[in-house]
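Have a look at the structure below, then the notes.
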Amino acid sequence: MGNIVAVVGRPNVGKSTFFNRLIQRREAIVDSVSGVTRDRNYGKSDWNGRSFSLIDTGGYVKGSDDIFEAEIDKQVELAVDEADAIIFMVDVESGVTPMDEEVAVLLRKVDKPVLLAVNKVDNNKRLENAVEFYSLGLGEYFPIASTNGSGTGDLLDALIEKL
Ligand code: GDP
Ligand code: MG
C-alpha cells in the first residue's frame, strides 16, 4: 500500500493551486531518482487520518502554454512510474483539449488508480459543462474548484479509498 499521489495535466488547469491548498509542508526536494525530480514540488498532506505525499508536476514550465506535448508526456510517464495513484486534472473553462486527449490515451493504459478532476467548476453552468469530460474515456469525474476547495472532499474520499 503506497502513499504517493501525483497531479498531472497540461499547464494552467490549476494543478499548483490544488497542490498548495492541500499541502501542510513542502518536503525536501529529492533528486536521487533523476535530475528531473528537481523540477517537481513535493508536499505532505492527509485526509481523514490518512497521510500521503503529493507531487505537483510540470512546475518547470511556469505556466507556459507553448510546452511541447512530448514534455507533458514525459511528465506523465515519470509521475506514473513514481506514484501509487494519479490525479489527472483538466479545466472546464477551456473544455476538452487535444492535449487532454493525448494524456488520457496514456492514462487509460495505466494499471494504477487514476482520478479525473475537472477543475474550475465555479458555478452550475460549469457543472453542466463538465459532462463533456466523459469523452476522455476515464469514467467518473470529480468536479472541483481548487480556488475555494469545493468538491475536493469527495475527490480525496475516493483517493484514500484507492491508496
Ligand atoms: P497549473 O499550471 O496547472 O499549475 O495551474 P495553476 O495552479 O498555476 O493555475 C492556473 C490558473 O488557473 C491560475 O490563474 C489560477 O488562479 C486559476 N485557477 C485554479 N483553480 C481555479 C478554480 O477552481 N477556478 C478558477 N476560476 N480558476 C482557477
Ligand atoms: Mg503549476
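Summary table
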| item | result |
| --- | --- |
| Residues Arg108, Arg40, sorted so that the one with the fewest Cβ neighbours within 10 Å comes first | Arg108, Arg40 |
| Packing-based ranking, highest mean first, of 157-163, 46-52 given that Cβ atoms within 10 Å are counted | 157-163, 46-52 |
| For Lys44, distant residues with modelled amide H under 5 Å away | Gln24, Arg25, Glu27, Leu54 |
| Net lengthening on full extension, Asp122/Asn48 (0.36 nm per residue, minus Cα-Cα) | 24.2 nm |
| HN-Hα J in Hz across segment 99-109 - Karplus 6.51, -1.76, 1.60, θ = phi - 60°, x for Gly and Pro | 5, 4, 5, 5, 5, 4, 4, 5, 6, 5, 8 |
| Spacing of the two label points (7 Å from each Cα toward its C-beta) at Val105 and Asp73, in nm | 0.8 |
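Quick note: the coordinates plus some simple rules give every number you see, no bench work behind them. The structure displayed is predicted, hence computed values, not measured ones. Positions of Cβ are generated from backbone atoms using ideal geometry, with glycine treated the same way; all protein chains shown enter the neighbour counts.
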